[in-house]
1. Let me spell it out: the conditions are (1) surrounded by 10 or more Cβ atoms within 10 Å (Cβ to Cβ); (2) charged (D, E, K, R); (3) at pLDDT 80 or above, and residue 28 meets all of them except one. Which number is the exception?
2. Would you check if residue 21 is assigned to a helix (DSSP H, G or I), modelled with pLDDT under 85 and surrounded by 10 or more Cβ atoms within 10 Å (Cβ to Cβ)?
Amino acid sequence: MEQLVEKSKQDNIFVCLVNCNGFGFHCEHINNAAPALRAAIAK
């Protein structure tokens, strides 16, 4: 992922890495659901 970000920046494309805890949640507030989601997936 870091290579893609660096290449994009070299091509003048705005990119940034987002800490999503391994899931692409739509907003920071939904991060509270992450433990329950991971537990359900692990079953």
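The values are calculated or read from the model by the stated rules, or taken from the named source; none is laboratory data. The model shown is predicted, which means the values in this text are computed figures rather than measured ones. As a convention, Cβ positions derive from the backbone with ideal geometry for all residues, glycine included, and neighbour counts pool all protein chains shown.
1. The number of the failed condition is (3).
2. No, not satisfied.
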